[in-house]
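Here's the structure we're looking at; comments come further down.
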Amino acid sequence: MQQLGTEGAFEVLAKARALEAAGRRVVHLEIGEPDFETAEHIKAAGKAALDQGYTHYTPSAGLMPVREAVARYVGTTRGLQVSPEQVIITPGAKPVVFYTIMAVIGEGDEALVPDPGFPIYDSVVRYAGGTPVALPLRESRQFRFDPDELRRRVTSRTRLIILNSPQNPTGGVLTPADLEAVAAIAREHDLWVLSDEIYSRLIYEGEHHSITSLPDMAARTVLLDGFSKTYAMTGWRLGYAVAPPALVPHLVRLQTNVASCTAGFVQLAGIAALEGPQEPVEAMLAEFRRRRALVVDGLNRIDGVRCLLPGGAFYAFPRVEVPGLTSKQIADALLEEEGVALLAGTAFGPHGEGFLRLSFANSIAELEEGLRRMARGLARLRAARGT
Ligand code: PLP
């Protein structure tokens, strides 16, 4: 249990809620979930499924019509011809991280994980007895890893490469050339890939590219995607894995041990999400695009702050410098002194030092208030240090 980590976002949220309970007004820029409601047609499908009696266990891998809908969806979005037997429906996408790592990482094995990156990768690799090997994502490369650096980190113990594009926390997006480079290394060293594509529909320029579309890669890649972000369904808990046939029985066995299955009526709402009107997704993306411009522009106007334009997801990852303070100390001070909740870059790994993560999944008015508080708080912190 000592090896198991946690997620900073949930910790900061708890701290912010405690301040609110004591009467403070807090601006929430810490939470990674759309501030939109699930679309009505999706809710209606969930309610109808409840009325039709989908209130019992389902097969562990999921209901066949839902697995078929996901297989069709990845066919359209990734050009991937998969059998529904390769699809496993999970309660949220997060279990796919756990199942995949538990299935392929044993004592002493190594997994390459993005740093900064979603903290659960590192946590579960350690829990499985493995060693996470950090793959640095640098601002100077738009938070895309350096393929040569990746290659140098592969050893005889490497089993798995974890990719996440668009990325949490940086908003970085891997290019087709990056994916080609990873694919070449994975083929050469016979590695598994976990491709976390949970933000695949939240992309601001160009289109999403998946490593699963490259030759031979579907046979060694677990594709992770889900409904939480795209369809504003975080609380429903609905996600999926599309896995190579050799891994499917292991992932399903893990799900039987952990969760038994995903709620049946929730699964059926997923078909409505994938195959119903997509306008709500487009409207949400348009709104995120407006907020992205506002937040990045606002951040770049603050002294000592520099922010790249994120290519996807709904996070800004600015470089924020106050001499003598770590990003954790800056984030803590901004919450305690100004009531603005955001995350230290180091909540996502050591290479996050010097950065903060803001979620722009909040209203324009709240974002403007958050930026005002940040500017004031940072000016005060810098003045206190004579800079
Ligand atoms: N992967 C990444 C990169 C995420 O940021 C998240 C959620 O924050 C997940 C996976 C998990 O998504 P879900 O809420 O569907 O479990």
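The values are calculated or read from the model by the stated rules, or taken from the named source; none is laboratory data. Note that the structure is predicted; figures quoted are calculated from it, not measured. Virtual Cβ from ideal backbone geometry, glycine too; neighbours counted across all protein chains shown. These accessible areas exclude ligands, DNA and RNA; they are computed on the full protein's heavy atoms, side chains included. Shrake-Rupley method; radii C 1.70, N 1.55, O 1.52, S 1.80 Å.
Mean-square fluctuations from a GNM of the chain, with a 10 angstrom spring cutoff on Cα atoms, peak among Pro350, Pro166, Pro136 at Pro350. Of Lys229, Lys15, Lys328, the residue with the greatest mean-square motion in the GNM of the chain, using alpha carbon springs below 10 Å, is Lys15.
For Lys229, the lysines whose Cα falls under 20 Å of its own Cα, not counting residues fewer than eight places away in the same chain, are Lys43, Lys94. The residues neighbouring Arg126, those whose beta-carbon lies less than 13 Å from its own, together hold a net charge of -4 under the Lys/Arg +1, Asp/Glu -1 convention.
Remark on Asp109: its backbone amide H falls under 5 Å from those of Thr131, a criterion applied only to residues 5 or more positions apart or on other chains, H modelled at 1.01 Å from N. Decide, for region 256-326, between rounded, prolate and oblate: order the square roots of the alpha carbon gyration tensor eigenvalues as a ≥ b ≥ c, take rounded if a/c falls under 1.5, and otherwise choose prolate if a/b is larger than b/c, else oblate. Verdict is oblate for region 256-326. Against the main long axis of the alpha-carbon atoms of the chain, helix 8-21 sits at an angle near 60°. For the chain, a Gaussian network of Cα nodes joined below 10 Å ranks Asp146, Asp51, Asp109 by mean-square fluctuation, and the top entry is Asp51. Within the chain, what's the longest stretch lacking GluC sites (Glu not before Pro) that sit in DSSP loops with no more than 11 other Cβ atoms inside 10 Å? With a cap of 11 other Cβ atoms within 10 Å, the longest stretch comes to 208-387.
Rounded to the nearest 500, the helix-only mean residue ellipticity at 222 nm of the chain stands at -13000 deg cm²/dmol, with each DSSP H run of n ≥ 4 adding -39,500 (n - 2.57). When the Cα positions of Leu135, Leu112, Pro323 are compared along the charge dipole of the chain, Pro323 comes out farthest toward the positive end, with charges on each C-beta of Lys, Arg, Asp and Glu. Under the shape rule built on the C-alpha gyration tensor, where the axes satisfy a ≥ b ≥ c, region 146-261 is oblate, since a/c reaches at least 1.5 while a/b does not exceed b/c.
Look at the alpha carbon pairs under 8 Å that are at least 6 residues apart: their mean separation over the length of the chain gives a relative contact order of 25 percent.
If you sort the three axes of the alpha carbon gyration tensor as a ≥ b ≥ c, you get a/c of 1.5 or more for region 45-275 and a/b above b/c, which makes it prolate.
The residues of the chain present an accessible area of 41 Å² per residue when probed at 1.4 Å with all protein chains retained.
Seen against the Cα atoms of the chain and their longest principal axis, helix 279-300 is set at about 30 degrees.
Considering every Cα-Cα pair within region 240-387, what fraction, in whole percent, is farther apart than 21 Å? Beyond 21 Å sits 57 percent of the P(r) for region 240-387. Nearest 10 degrees is fine. How inclined is helix 264-275 to the longest principal axis of the chain, computing both from alpha carbons? For helix 264-275, the angle is close to 80 degrees.
Would you give the gap between the C-alpha center of region 255-274 and the C-alpha center of region 36-90, rounded to a whole Å? If you average the Cα positions of each part, the centres end up 7 Å apart.
Neighbours of Thr158 by Cβ distance under 10 Å: Lys/Arg scored +1, Asp/Glu scored -1, total 0. Our analysis of the chain gives Rg over Rh at 0.97, with the two radii drawn from alpha carbon positions and Rh computed by the Kirkwood formula.
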